[in-house]
1. Would you list the strands (runs of 3 or more DSSP E) that sit entirely within the chain and hold 1 or more residues that are modelled with pLDDT under 95 and of a type in the set (Gly, Ala, Ser)?
2. Residues that are in contact (Cβ under 8 Å) with a residue 40 or more places away in the chain and buried (at least 16 other Cβ atoms within 10 Å of the Cβ): does the range 33-54 have at least one?
3. List pairs: first in the range 64-83 and touching a residue at least 60 places away in the same chain (Cβ under 8 Å), second surrounded by 15 or more Cβ atoms within 10 Å (Cβ to Cβ) and of a type in the set (Val, Ile, Thr), Cβ under 8 Å, 6+ apart or cross-chain?
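The values are calculated or read from the model by the stated rules, or taken from the named source; none is laboratory data. Being a predicted model, the structure only gives us computed values, none of them experimental. Glycine also receives a Cβ, built like all others from the backbone with ideal geometry; neighbour counts cover every protein chain displayed.
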Amino acid sequence: MKYWRTPLDAERVTIPRGAVRVNRERCKGCGICIEFCPKQVLERSATFNAKGYHPPEVKAGAWCVNCHFCEVLCPDFAIHSTEITPPAARGTKS
């Protein structure tokens, strides 16, 4: 994202990244997660699950900021995201 000015804490703040996982067989294809994802990470799948619905699939996983909004909105608890730690931060302790 391009800012008109640089935030004062830009070098100290890291943007969190996440990995989205969808339980295809639990999903009923309502599309709430697709509509309300702030980074448009998900899209409707072209394939069907066992129930005959089109579950979401990850379109752009690198854009996920691990906000957990998809988890909160999913009425079937069919989606979750986990935080991806950057390679430089994996070996450090806080």
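1. On the way: elements: 17-22, 42-44, 56-58, 79-84.
Passing ranges, in order: 17-22, 79-84.
2. If we filter the range 33-54 for residues that are in contact (Cβ under 8 Å) with a residue 40 or more places away in the chain, which is where we start, we get 33.
Subsequent filtering for residues that are buried (at least 16 other Cβ atoms within 10 Å of the Cβ) retains 33.
Yes, because at least one residue in the range 33-54 is in contact (Cβ under 8 Å) with a residue 40 or more places away in the chain and buried (at least 16 other Cβ atoms within 10 Å of the Cβ).
3. Sorted first by the residue in the range 64-83, then by its partner, the pairs are His80/Val20; Ser81/Val20.
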